[in-house]
Amino acid sequence: MNQTIETLLSHRSIRKFEDRALSGEQIRTIVESAQAASTSSFIQAYSIIGIKNPETKKKLAELAGNQPYVEENGHFFVFCADLHRHDVLAEMEGVTIDESLESTEKFMVAVIDAALAAQNAVIAAESMGLGAVYIGGLRNSLKEVSELLKTPQRVLPLFGLAVGYPAQNPDKKPRIHFEHVYHEDVYETDENVYKKELKEYNELISEYYRERTSGKRSDTWTGQMASMLSKPTRMYMKEFTETKGFNKR
């Protein structure tokens with residue numbers, strides 16, 4: 001096992017950071033590592049907004065559900081789906097590409113491009129001894145986030161990434177078993193096999209919570225997911241993405 005794989009397999013979300021800002025060199029290295037990620041057809045349909053202003057970070061923390069680590073970190077990045085530059089290049093080249101930019105396909109390309117770039121950023125940060133946590137809570141209030149960050153049409157904030165020097169060392173949360181995630185040739189559809197694997201994973205997760213909380217919690221994964229997904233959230237998303245010029249066709 002090499003050092004890169006050890007870094008990947010050691011990943012855990014860090015939600016408490018030292019009061020130390022990242023250097024400009026560190027920020028550039030993380031962003032350039034993000035840019036090195038694969039991008040569909042070289043479209044490069046994403047942008048990254050770095051947040052240094054303390055008041056902006058404070059407001060983003062509030063909009064994300066009062067998560068303190070959005071405000072208190074070494075640096076905060078916001079990853080955006082971005083087709084705005086493609087509007088600009090269309091004008092430069094004298095062509096009309098609205099139908100393409102408004103397609104579900106190009107919306108997926110932009111989201112996937114941003115996600116691939118973000119994961120490269122996390123790996124780069126962790127390889128430098130830093131920690132990170134993704135912040136999906138920005139999507140609680142995307143209209144307000146977009147206004148705060150002054151994102152133009154066809155630029156959609158997707159999630160944040162808090163990065164910094166770890167001030168905690170949490171246990172690694174067990175993932176679903178390899179056999180449940182990895183399918184060969186065709187998707188496994190035998191529900192008896194499927195439920196057996198989920199029950200085994202439930203036992204693993206319950207033990208994880210029991211050890212972590214001295215017996216105060218013993219949640220199962222399926223129970224957590226059933227409870228969460230029975231309460232739909234962010235149901236404004238389709239309408240809002242359309243108002244920003246995405247996913248209209």
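Read-outs: derived from the displayed coordinates by stated rules, not from any lab. What you see is a predicted model, and the numbers here were worked out from it, not measured in a lab. Every residue, glycine as well, gets a Cβ built from its backbone with ideal geometry; the counts of neighbours run over all protein chains shown.
Based on other C-beta atoms within 10 Å, arrange GLU197, GLU99 from fewest to most.
With the sparsest Cβ surroundings first, the list reads GLU99, GLU197.
Rank THR7, PRO157, ALA124 by how far each Cα sits towards the positive end of the charge dipole of the chain (+1 on Lys, Arg Cβ; -1 on Asp, Glu Cβ) and give me just the farthest.
The one lying farthest along the dipole's positive direction is PRO157.
What pairs in LYS58/LYS150; LYS59/LYS248; LYS58/LYS216; LYS173/LYS231; LYS58/LYS106 have C-alpha atoms more than 21 Å from each other?
Exceeds cut-off: LYS59/LYS248; LYS58/LYS216; LYS173/LYS231; LYS58/LYS106.
So for the chain, taking the charge dipole from beta-carbon charges (+1 Lys/Arg, -1 Asp/Glu), which of PHE240, LEU89, VAL193 sits furthest toward the positive end?
Checked the options; the winner is PHE240.
If you place +1 on the Cβ of every Lys and Arg and -1 on the Cβ of every Asp and Glu, how big does the dipole about the Cα centre of the range 178-218 come out, in debye to the nearest 20?
That gives the range 178-218 a dipole magnitude of about 580 debye.
Short version: ³J(HN,Hα) in whole Hz for each residue of the range 38-48, in order, from phi by Karplus 6.51 cos²θ - 1.76 cosθ + 1.60 (θ = phi - 60°), x for Gly and Pro, what are they?
Running phi through 6.51 cos²θ - 1.76 cosθ + 1.60 with θ = phi - 60° gives 4, 9, 4, 6, 6, 6, 6, 9, 8, 9, 10 Hz.
What is the distance in Å between the Cα centroid of the range 11-80 and that of the range 139-160?
14 Å
Among SER218, LEU204, HIS180, whose Cα lies farthest out toward the positive end of the dipole of the range 178-218, if unit charges sit on the beta carbon of Lys, Arg (+1) and Asp, Glu (-1)?
Among SER218, LEU204, HIS180, the one farthest towards the positive end of the dipole of the range 178-218 is SER218.
What is the packing order of peptides 133-142, 1-10, taking the mean over residues of other C-beta atoms within 10 Å and listing the highest first?
133-142, 1-10
Using R₀ = 30 Å, calculate the FRET efficiency as 1/(1 + (r/R₀)^6) where r is the Cβ-Cβ separation of ARG175 and SER38; round to 0.05.
Computed FRET efficiency for ARG175 and SER38: 0.85.
Collect residues whose amide H, placed 1.01 Å from N in the peptide plane, falls under 5 Å from the amide H of GLY50; neighbours closer than 5 in sequence don't count.
VAL78
What ranking of HIS84, HIS177 emerges when the number of other C-beta atoms within 10 Å of each C-beta is taken as an exposure proxy, fewest first?
Listed from fewest to most nearby Cβ atoms, that is HIS177, HIS84.
Given charges of +1 on the Cβ of Lys and Arg and -1 on the Cβ of Asp and Glu, with all other atoms neutral, how large is the dipole of the range 38-183 about its Cα centre, in debye to the nearest 20?
520 debye
Hey, how many Å between the Cα centroid of the range 96-136 and the Cα centroid of the range 177-206?
The range 96-136 and the range 177-206 have Cα centres separated by 28 Å.
Can you sort PHE76, PHE42 from fewest to most other Cβ atoms within 10 Å of each residue's own Cβ?
If I rank by nearby Cβ atoms, fewest first, I get PHE42, PHE76.
Please compute the contact order of the chain in relative form: average sequence separation of alpha-carbon pairs under 8 Å and at least six residues apart, divided by the residue count, as a percent.
Contact order relative to length: 26 percent.
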